[in-house]
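Accompanying notes for the structure given below.
The values are calculated or read from the model by the stated rules, or taken from the named source; none is laboratory data. Worth saying up front: this structure is predicted, and the values here are computed from it rather than measured. Cβ coordinates were reconstructed from backbone atoms using ideal geometry, including for glycine residues, and neighbour counts include every protein chain displayed.
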Amino acid sequence: MLDTVQDKPQTPRQEAEPEPLSGTAPPELSRKGVILTYPMFRYWTKDGVEEGKPQPLNVYIHTPYCIQRCAYCYFKTTTLKDNRLQEIDRYVSAVCREMELGSQRFHLKDRPVESVYFGGGTPTLMTEDNIDKLFSTLRANFTVADPQITFEGEPVTLTERKAKALERNKVNRISLGIQSFSEEIVRNTGRADTEEQTVRAIELAKKTGADVNIDLISGLAGETPETWAYSVRRALEVDVPSITIYKLELYANTPYYTADKHEQIALPTEEEELELIKYALGELEKHDYRPVNAFTFTKGGKHDQINTRSRWLGYDSYACGVSAYGSLGKWNYQNTSDIKAYTETVESGELPAYRGYTCTSLDLMVRDAVMAIKLIDLDHVWFREKHGIDLLKICESELAQLEASGFITIDSQNISLTQLGVIYGDHVSRTFETSLKKLSGKSSASRTRVLF
């Protein structure tokens, strides 16, 4: 740990540091004033010592197993029928070993964990013993005091015993992938959940004392304004503190993609889906559900999703499990997406990352703008203090266009998404990316789609 010591004030010699330049005039020709460091010592303060102490950390743990495969899902998942229970036990042991290896390799033990997110796949598919094992390993290798702990689940796999296991392990946020309250729409995705099972799972999750989030997807096959209105109404009636709405995205590695290509399913058009999301946002607003990011709406703007907020503000995330991706400092990485290769690599004592990227200073700056605006309010004062760049000046023309088009508002502290900006959040992000990349002569925005 770093401690602040009380030094006696010293008067620096006049020649120790050159005077800082004012304006943009070139310096006078002189050999006086050696530059020892930058920024100069005159700007260093006692408050700056805090920055050298262990910084907060987020942890993500991926479980690839599902009891049923959703036709639209592009994440790395595998169905239970394809895997014997002992193979899942082996996978969980590998994840535990990866936590141990990573904590040691990257010296993560002393960093306070701000959030833990169990994603999938279907984490609630794991046995109670495996859930307990993961939490025991997590607490043994990381500083887990009182973080937000999110556990994803599916209605048919959240049983009373599983709910008790989550409560026992202090899970304080449960996210259920409902997708639709219309049983016909759910069947079209390849799942067999009933509305009765869905409501029962929501009530079980509530009884644990955790905040409950439910996911809906706009644009599923067969969706109509009537079925969508029913799902939105039922989502409001079950009275959860958090509702997340994702737009359906078609990826080539999904059954939906193949079925759509062969005209075997009827998906809403882009224009029809736009009307669906507009309707949902209007109903959420009527019931005081406010956006905390471009997807999630919470009662009164409380009950935030800390893992997303922290990562999108640029804080580190250590990710474990097959295909999991995270970032530590300037380094981004993703683990192998092959379960067999993953387990064998970890069992041999090696970390399973198979691709990575080291960010430049420009990358980090662009990332903070691109991702932070998706949190509704981008604090441009915070951005200037962190990066030394005034977004209001650097992106002046682009911001003016976004504001005139009704996507954003600007005040003395924040650049904020309007309701229209929430709908087109990624467009706003790409506009920031294009504008800021001009600083390096690069102006193209990213449209890359990652295959999992």
When every residue in region 69-92 that is over 18 Å from residue 118 (Cα atoms) and surrounded by 20 or more Cβ atoms within 10 Å (Cβ to Cβ) is compared, the one modelled with the highest pLDDT is 70
In this structure, does residue 405 turn out to be among the polar types (S, T, N, Q) and farther than 16 Å from residue 368 by Cβ? yes
Residue pairs qualifying under the 6 Å Cβ cut-off, at least six apart or on distinct chains, with the first in region 145-171 being in contact (Cβ under 8 Å) with a residue 40 or more places away in the chain and in the same structural domain as residue 204 (by TED's automatic domain parsing) and the second being part of a helix (DSSP H, G or I) and of a type in the set (Asp, Glu), are none
Which one of these is closer than 25 Å to residue 152 by Cβ and not in a strand (DSSP E or B): 258, 244, 308? 308
Go through the residues of region 275-284 one by one and say whether even a single one is in contact (Cβ under 8 Å) with a residue 40 or more places away in the chain, in the same structural domain as residue 103 (by TED's automatic domain parsing) and acidic (Asp, Glu). yes
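Taking into account only those residues within region 179-211 that are polar (S, T, N, Q) and within 12 Å of residue 156 (Cβ to Cβ), which is surrounded by the most Cβ atoms within 10 Å (Cβ to Cβ)?
Residues of region 179-211 polar (S, T, N, Q): 179-180, 182, 188-189, 194, 197-198, 208.
Next cut, within 12 Å of residue 156 (Cβ to Cβ) only: 194, 197-198.
Working: 194: 14, 197: 16, 198: 24.
Only one residue tops the list, namely 198.
Per-residue answers, yes or no, for (1) in the same structural domain as residue 99 (by TED's automatic domain parsing); (2) at pLDDT 80 or above; (3) farther than 30 Å from residue 92 by Cα; (4) in a loop (DSSP other than H, G, I, E, B):
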residue	(1), (2), (3), (4)
7	no, no, yes, yes
14	no, no, yes, yes
21	no, no, yes, yes
28	no, yes, yes, yes
32	no, yes, yes, yes
35	no, yes, yes, yes
45	no, yes, yes, yes
49	no, yes, yes, no
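Go through region 167-208 residue by residue and tally those that are of a type in the set (A, V, I, L, M), part of a helix (DSSP H, G or I), more than 30 Å from residue 263 (Cα to Cα) and in contact with a helix residue (DSSP H, G or I) (Cβ under 7 Å, 6 or more places away or on another chain).
Counting residues in region 167-208 that are of a type in the set (A, V, I, L, M), part of a helix (DSSP H, G or I), more than 30 Å from residue 263 (Cα to Cα) and in contact with a helix residue (DSSP H, G or I) (Cβ under 7 Å, 6 or more places away or on another chain) gives 3.
Residue under question is residue 363, and the condition is that it be acidic (Asp, Glu), over 28 Å from residue 421 (Cβ atoms) and in contact with a Phe, Trp or Tyr (Cβ under 9 Å, 6 or more places away or on another chain); does it hold?
On the way: acidic (Asp, Glu): yes; over 28 Å from residue 421 (Cβ atoms): no; in contact with a Phe, Trp or Tyr (Cβ under 9 Å, 6 or more places away or on another chain): yes.
Criteria not met by residue 363.
Given the criteria under 30 Å from residue 87 (Cβ atoms), in contact with a Ser or Thr (Cβ under 9 Å, 6 or more places away or on another chain) and outside the structural domain of residue 245 (by TED's automatic domain parsing), does residue 435 qualify? Step through it out loud before you land on a result.
Working: under 30 Å from residue 87 (Cβ atoms): no; in contact with a Ser or Thr (Cβ under 9 Å, 6 or more places away or on another chain): yes; outside the structural domain of residue 245 (by TED's automatic domain parsing): yes.
Considered against the rule, which asks whether it is under 30 Å from residue 87 (Cβ atoms), in contact with a Ser or Thr (Cβ under 9 Å, 6 or more places away or on another chain) and outside the structural domain of residue 245 (by TED's automatic domain parsing), residue 435 comes out as no.
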Condition check: touching a Phe, Trp or Tyr at 6+ places or on another chain (Cβ under 8 Å), in contact (Cβ under 8 Å) with a residue 12 or more places away in the chain and surrounded by 15 or more Cβ atoms within 10 Å (Cβ to Cβ). Does residue 337 satisfy that? yes
From the list 419, 413, exactly one residue is surrounded by fewer than 20 Cβ atoms within 10 Å (Cβ to Cβ), in contact (Cβ under 8 Å) with a residue 40 or more places away in the chain and either within 30 Å of residue 89 (Cα to Cα) or not assigned by TED's automatic domain parsing to the domain that holds residue 278 (or both). Which is it? 419
If the requirement is being assigned by TED's automatic domain parsing to the domain that holds residue 423, buried (at least 22 other Cβ atoms within 10 Å of the Cβ) and among the small types (Gly, Ala, Ser), which of these qualifies: 324, 369? 369
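Within region 209-232, can you find the residues that are more than 23 Å from residue 292 (Cα to Cα) and either assigned to a loop (DSSP other than H, G, I, E, B) or of a type in the set (A, V, I, L, M, F, W, C) (or both)? So that I can check it myself, show each step before the final result.
We begin by selecting, within region 209-232, every residue more than 23 Å from residue 292 (Cα to Cα); these are 220-227, 230.
Of everything in region 209-232, those that are more than 23 Å from residue 292 (Cα to Cα) and either assigned to a loop (DSSP other than H, G, I, E, B) or of a type in the set (A, V, I, L, M, F, W, C) (or both) turn out to be 220, 221, 222, 223, 224.
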When restricted to 132, 146, the only residue surrounded by fewer than 21 Cβ atoms within 10 Å (Cβ to Cβ) and in a helix (DSSP H, G or I) is 132
